[in-house]
Amino acid sequence: METSTEQMKASQVFCPNLECKARGEVGQGNIVSHGRKRPRYRCKTCGKTFSAKEGTLFAGLRKPTEVIVIVVTLLAYGCPVQAIVHAFGLDERTVASWRDRAGKHCQHVHQAVVEQGKLDLVHVQADEIRVKGCKMIAWMGLAMMVSTRLWLAGVVSLTRDRSLADRLLAQVRACCQPLRALLVCTDGWNAYPGSIRRAFREKVKQTPGRGRACLQVWPQLVIGTVIKRTVKKRVVEVTRRMAYGSLKRAAVLLRRSGGGTMLNTAFIERLNGTMRERLASLTRKCRHAARRLEALHSGMYLLGTTYNFCWVHQELSAVRDAATGKRLASLKRTPAMAAGLTDHVWSVYELLCYKIAPGPWVEPKRRGRPRTRPLPDPTLPKRPPGRPRKELAYAATS
Ligand SMILES: [Zn+2]
């Protein structure tokens, strides 16, 4: 009985060895069980063995899996590291390393699932928040898809400059189908319109024959800007204007995405609020100040990915009456489910165990000049190494 379940498990595992010709392939029969006490598998193609935890967050960690899952869940909710240190009797550096590992793992999951999702985004909002750290001010750019509330992209930087906006929009571009109708709403930072146009371009060949293809902005791209003027932290005036494209087209896309009736940045501001609340613990004073920006980066991925896959979104879960807008029932839904990237709510354990299969193996390209002399025939016996023996040489000449 046990063997059959093990065989079944082995049929769902892929070889993680990048040198292996069968890497990333599932159900090809090349993986067999190898040791039960600490579960391991062996690949029959490359002969390498690997742990069952390989590719998950838990690879190489000795602490019980349940403890790691609880700690990562607490971190994803913004629990202060010091509180975890005291509650679980762990070392501060252990908790920090788990957070960094979780952040890196979540980044890989985000890149493998969200950025490969090729979504029709329709309406995107982008904004940046100023994060106050220990002797440092950092900027965090965030972008989300409005209709599904899916967090799409995040960038952390010490400066608020064009490269921050460029990197953010390049990530958004990676998530979407090309040449679709798209509305991007941002605040009044004047780096955005240029960065958006640079990100959403496609090569167009205008002249026949040789020559470079020029880049053209997507024909159905629309950029809206919302500027809020505040007096004593209260909004007194809101200016809405189109930075690119027509207002009529923007109104159509607003209706399609269910993102309000006027240009707004309300949805990304709501996400900013969640991020701010949960990132606070990362930016409080602590002793390893030099690594703060990385902590912020890994914390952002941990928050963003758990937000996308693990936490049920209240507004998305509500089933409303189409005519009156009254809440009828509640279905548990996450932003990733709304975007069609998955069909169920993920547990944190499932997220941390998610293995990303490497792409199919490709034969490495031969470098250098092509061979002019043919390869030696393997069936013929090789000439013995070294010089020919003297006696033989004499015999040949005389
Ligand atoms: Zn292999």
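Of all the numbered requirements in (1) within 13 Å of the ligand (Cβ to nearest atom); (2) of a type in the set (Asp, Glu); (3) touching a His at 6+ places or on another chain (Cβ under 9 Å), Glu92 misses one, and that requirement is (1).
Among the residues of the range 11-65, those identified as among the β-branched types (Val, Ile, Thr) and within 15 Å of the ligand (Cβ to nearest atom) are Val13, Val26, Ile31, Val32, Thr45, Thr49.
Give Ser347, Ser317 a once-over and let me know the one that is polar (S, T, N, Q) and under 23 Å from Ala266 (Cβ atoms).
Numbers: Ser347 fails: under 23 Å from Ala266 (Cβ atoms).
Only one candidate passes the filter, namely Ser317.
The single condition among (1) farther than 27 Å from Gln116 by Cα; (2) in contact with a helix residue (DSSP H, G or I) (Cβ under 9 Å, 6 or more places away or on another chain); (3) assigned to a loop (DSSP other than H, G, I, E, B) that Arg292 does not satisfy is (3). Within the range 191-211, the residues that satisfy the criterion of being exposed (fewer than 11 other Cβ atoms within 10 Å of the Cβ) and either touching a Gly at 6+ places or on another chain (Cβ under 9 Å) or of a type outside the set (Ser, Thr, Tyr) (or both) are Lys203, Val204, Lys205, Gln206, Pro208, Gly209, Arg210, Gly211.
Taking the options Tyr77, Tyr41, name whichever one is among the hydroxyl-bearing types (Ser, Thr, Tyr) and buried (at least 18 other Cβ atoms within 10 Å of the Cβ).
Values: Tyr77 fails: buried (at least 18 other Cβ atoms within 10 Å of the Cβ).
Criteria check complete, one pass: Tyr41.
Of everything in the range 255-312 that is modelled with pLDDT of 90 or more and of a type in the set (Lys, Arg), the residue that is surrounded by the fewest Cβ atoms within 10 Å (Cβ to Cβ) is Arg255. When the test is whether a residue is within 16 Å of the ligand (Cβ to nearest atom), farther than 21 Å from Met275 by Cβ, at pLDDT below 90 and not small (Gly, Ala, Ser), Gln7 does not pass it. Applying the set (1) more than 29 Å from Glu315 (Cβ to Cβ); (2) in contact (Cβ under 8 Å) with a residue 60 or more places away in the chain; (3) not aliphatic (A, V, I, L, M) to Lys232 leaves exactly one unmet item: (2). Got at least one residue in the range 32-50 being under 18 Å from His108 (Cβ atoms) and of a type in the set (Gly, Ala, Ser)? Within the range 32-50, none of the residues are under 18 Å from His108 (Cβ atoms) and of a type in the set (Gly, Ala, Ser).
Go through the residues of the range 43-56 one by one and say whether even a single one is in contact with an Asp or Glu (Cβ under 6 Å, 6 or more places away or on another chain) and within 25 Å of His297 (Cβ to Cβ). Checked the range 43-56: no residue is in contact with an Asp or Glu (Cβ under 6 Å, 6 or more places away or on another chain) and within 25 Å of His297 (Cβ to Cβ). Taking the range 231-254 as the range and being under 28 Å from Arg180 (Cβ atoms), out of contact with any strand residue (DSSP E or B) (no Cβ under 9 Å at 6 or more places or on another chain) and not aliphatic (A, V, I, L, M) as the test, only Lys248 passes. Taken residue by residue, the range 88-107 has at least one member that is farther than 26 Å from Glu269 by Cα and polar (S, T, N, Q). Quick one: is Ala336 aliphatic (A, V, I, L, M), in contact with a Ser or Thr (Cβ under 9 Å, 6 or more places away or on another chain) and modelled with pLDDT of 80 or more? In short, yes.
The values are calculated or read from the model by the stated rules, or taken from the named source; none is laboratory data. Keep in mind it's a predicted model, so treat the numbers as computed, not measured. Reconstructed Cβ throughout: ideal geometry from the backbone, glycine too, with neighbour counts over all protein chains shown.
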